[in-house]
Amino acid sequence: MNIVRVALDLPVPRLFDYLAPDASESDIGRRVTVPFGKGSRTGVIAGLAAVSEQPEDKLKTVVEVLRDMPALPAEWLALCEFCSCYYHTPLGEVTSFALPPMLRRGKLPRRSKSLAPASAPASAPDLPQLLAAQQAAVTAIFATAGFHALLLHGVTGSGKTEVYLRAIDNVLARGGQALMLVPEIALTPQLEGRVAARFPAAQIVCANSGMADAARARGFLAALAGDAEIVLGTRLAVFMPLPRLQLIIVDEEHDASFKQQEGLRYSARDVAVWRAHQLNIPIVLGSATPSLESFHHATTGRYQMLELPQRAVAEAMPVVRIVDTRREKLQEGLSAALLAGLQQRLERGEQSLVFLNRRGYAPVLACPPCGWISRCRRCAANLVVHLADQRLRCHHCGYEALIPRACPDCGNVDLLPFGRGTQRLETMLAERFPAARVLRVDRDSASTPKKWQALLASIHAGEADILVGTQMLAKGHDFPLLTLVGAVGADAALFAADFRAPERLFAQLMQVGGRSGRADLPGEVLIQTEYPEHPLYRALVDHDYVRFATTQLDERRIAGFPPFSFQAMLRAEARGMEQSLAFLHAARCAGAALADGVTLYDPVPMRMQRLMALERGQLLVESASRPALQAFLGKWMDQLYVLKMPAGLRWHLDVDPLEF
Ligand code: ADP
Ligand code: ZN
Ligand code: ZN
């Protein structure tokens, strides 16, 4: 008997056996269409077998083994299997996610004209002379053969990208392929351009979810065939098949967007490290503010620390100043110092950025006499005032409604927007500085890639004087005229319940501050706060990431938080909170007997407890040992799959969760 074991995209943790009379070893890793229910499905052949656990007469025969593209290599299947095991997600869900949608559906893109190498490679006189620290980093990457992880720590502008490019160059010269992961490719067209300019003769493939189906499938096939020499992509690119992969780079490795928050909840950075280990190749993790996990690995010797201590071109780091707002009456949230700074930049013809990580006009609309506030009916969240298009919007579920003319409860017509978002700041700044061109950059104004490119172009062309922006502007951009960054409303993150909030705030402020003074104009960063002595802000003033990270790690060690413990979160959602919590309690009971060296906490409602009319609860599982946690989760999941649950309840497991 010839049986293929097929990974199908179904929420069932097993493979599906089918008869395939003509299948052979060489078909492992091929896509296959099989009958399923009343229709058919396409999956991936994960293995062959002579006998099945199913009764022989129950086995159906495959519709077709798809041999129109090369089989996916064994190491690709092994990567998917690792993710399936580690994230406790059925293999078919992993392979399905790892394939571009078109290939997943059993189709192939039409052939495109092959891209002939355009021009001669850049000659070596054109390249900058590496600084000693950069040279040391490049040398270290190739100093020893085999797997090693290097943490490249250097502030914005310290020349990390230059190190990546040299390392890639080295790999290409040896006939290898390089994989570079970036947090958000839509935000980093500059990088794409820079890589293409450096390697004009190389075939560069991009991989991100914003691409058209056919283009993504073509890129995947080019990588699989070994034609693509450089793959540049977002988190999903970690699954690109690369038969001659010799180097992985993860830029901005601390960025939360490397963790997928739905479906396969994987961390592309962690998977990339595993993949480098699997292939026995080096991996470079780069950041100005490494994740505390990676920093911890580097200080304990698991990773090699590489420091780029100074900026490559601009002489100095921006001066960071703390503006104490405790005794000051702010004008629409802005201090006299920041207003003066903006005025000064205007006079000098330089650009400024006011950074506020909250879009919309105001976070809530309220009726003071009766106490009504604009709340989303479906979520435990307020509806945000968007004055520009006269709407109230839920930033969680997308619900929107016109701004009411009067209070729905008492009829009062004097409704007040409370708090401040980027739209309100934009309005205020335009009134305050009538001569200035104020430009708002957030997900509303840059709602499409085209609009985003247009905004970037006008900033570069010097068509804006004052930018008002969210974290969208913080990443990867070089604005030569920008010399002042003002951060407002940052304090909220200091005391957030999430233990990772300070880490994120520090990274964000460091990153947004790094936007200023990149060229020959010195930069200045003003941070408005009511906590001027807070160690996080003091570390920013001193540009001292290491001090900040060390203090944070000490706190985490005492509290037993990651990286000193390992966590998984079981989440459940249902129409009612009782159902969600009842399921989690049952799950906890089922797990109690299995828990060896693992702590199961009490189920609790999630902080954002209602989303899209579903009530959500969570159960935290923690252990001082990763293997102990993994062993537990494996056994526990078997029980969870057979646990009785009310209709409409959904649950998932999140390993190494980032959000609490
Ligand atoms: P990062 O990735 O750390 O932000 P980059 O690699 O982009 O830093 O370098 C910042 C700027 O300095 C870029 O314009 C780059 O071309 C330039 N640069 C990098 N290394 C050198 C060097 N060794 N000599 C001169 N310029 C350099
Ligand atoms: Zn909502
Ligand atoms: Zn009212």
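Structure data summary
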quantity	calculated
For VAL525, distant residues with modelled amide H under 5 Å away	VAL319, VAL320, ARG321, VAL485
The range 411-422 - phi-based ³J(HN,Hα) in whole Hz, Karplus 6.51/-1.76/1.60, Gly and Pro as x	x, 4, 8, 8, 7, 10, x, 10, x, 8, x, 4
Cα-based shape type of the range 562-660, given that a ≥ b ≥ c are square roots of the gyration tensor eigenvalues and the cut on a/c is 1.5	oblate
GluC sites (Glu not before Pro) within the range 17-62, DSSP loop, no more than 15 other Cβ atoms inside 10 Å	GLU53
Overall form of the range 327-391 per C-alpha gyration tensor (a/c, 1.5; a/b vs b/c)	prolate
Loop-located GluC sites (Glu not before Pro) in the range 206-280, at most 14 other Cβ atoms within 10 Å (DSSP)	GLU262
Inter-site label distance for ASP596 and GLU307 at 7 Å from Cα along Cβ, in nm	4.4 nm
Where ASP213, ASP465 fall by accessible area, highest first, once all protein chains stay in place (1.4 Å)	ASP213, ASP465
Charge tally in the Cβ shell below 11 Å around GLN260, where Lys, Arg are +1 and Asp, Glu are -1, GLN260 excluded	+1
Under 11 Å, Cβ to Cβ, from ASP9 - net charge with Lys/Arg +1 and Asp/Glu -1	+2
Counting DSSP beta bridges with both ends in the chain, the antiparallel % (nearest 5)	50 percent
Gyration tensor (alpha-carbon) shape descriptor, the chain, a/c threshold 1.5	oblate
Inter-centroid distance (Cα atoms) of the range 409-473 relative to the range 158-173, Å	37 Å
Loop-resident sites, the range 297-370, for GluC sites (Glu not before Pro), counting at most 15 other Cβ within 10 Å (DSSP)	GLU315, GLU328, GLU332
Helical mean residue ellipticity (222 nm; -39500 (n - 2.57) per DSSP H run of 4+; nearest 500) of the chain	-9000 deg cm²/dmol
When the range 340-452 is reduced to its Cα atoms, the Kirkwood hydrodynamic radius in Å	15.6 Å
Out-of-range pairs (alpha-carbon distance over 24 Å; input LYS329/LYS475; LYS160/LYS450; LYS38/LYS107)	LYS329/LYS475; LYS160/LYS450
The range 379-397 and the range 580-618: distance between their alpha carbon centers, rounded to Å	30 Å
Partner aspartates and glutamates for LYS644 [C-alpha distance under 19 Å; skip if fewer than 8 residues away on the same chain]	GLU573, GLU578, GLU615
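The values are calculated or read from the model by the stated rules, or taken from the named source; none is laboratory data. This structure is a prediction, so every number in the text was calculated from the model and none was measured. As a convention, Cβ positions derive from the backbone with ideal geometry for all residues, glycine included, and neighbour counts pool all protein chains shown. What goes into the accessible areas is simple: the full protein's heavy atoms, side chains included, and nothing from ligands, DNA or RNA. Shrake-Rupley method; radii C 1.70, N 1.55, O 1.52, S 1.80 Å.
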